[in-house]
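Worksheet: the structure to be examined is printed underneath.
The values are calculated or read from the model by the stated rules, or taken from the named source; none is laboratory data. If you're wondering where the values come from, they're calculated on a predicted model, not measured in any experiment. We place every Cβ from the backbone using ideal geometry, glycine too, and count neighbours over all the protein chains shown.
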């Protein structure tokens, strides 16, 4: 049983975070991946993480994560490799994020639609 399944069995909602990013140019792809890979590795072992998924949809690099709470997600975002990536974000990529409480993980089709319609552009 996965961490997410175990948490869902408790009946408590969890926090879903959706991110979609695109490198600003061909030349920024290398910088993007140099920071995306360590950020993903950090997410995989972050406190409170229940699920981490990544997928390219229509040229946009999406991440879908589930967290025990919004506070767990914020602690991840503001530390380590992810914080280093955030500091360079405007130089290397464009994108948007969307987060909400849920009791079920969205499908990847839903992820892309939520990102397009409800994402906060950075």
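Assorted remarks:
- Residue check, residue 111 in a helix (DSSP H, G or I), in contact (Cβ under 8 Å) with a residue 60 or more places away in the chain, in contact with a strand residue (DSSP E or B) (Cβ under 8 Å, 6 or more places away or on another chain) and buried (at least 18 other Cβ atoms within 10 Å of the Cβ): yes
- Sub-6 Å Cβ pairs linking a first residue in region 10-23 that is at pLDDT below 95 to a second residue that is surrounded by fewer than 20 Cβ atoms within 10 Å (Cβ to Cβ) and assigned to a strand (DSSP E or B), at least 6 apart or interchain, number zero.
- Qualifying positions in region 87-96 - part of a helix (DSSP H, G or I), surrounded by fewer than 18 Cβ atoms within 10 Å (Cβ to Cβ) and touching a strand residue (DSSP E or B) at 6+ places or on another chain (Cβ under 9 Å): 89
- Every residue from region 4-59 that is over 19 Å from residue 95 (Cα atoms), surrounded by 14 or more Cβ atoms within 10 Å (Cβ to Cβ) and in contact with a strand residue (DSSP E or B) (Cβ under 7 Å, 6 or more places away or on another chain): 4, 7, 13, 14, 15, 48, 49, 50, 51
- Single match in 41, 1 (criterion: in contact with a helix residue (DSSP H, G or I) (Cβ under 9 Å, 6 or more places away or on another chain), at pLDDT below 95 and more than 22 Å from residue 118 (Cβ to Cβ)): 1
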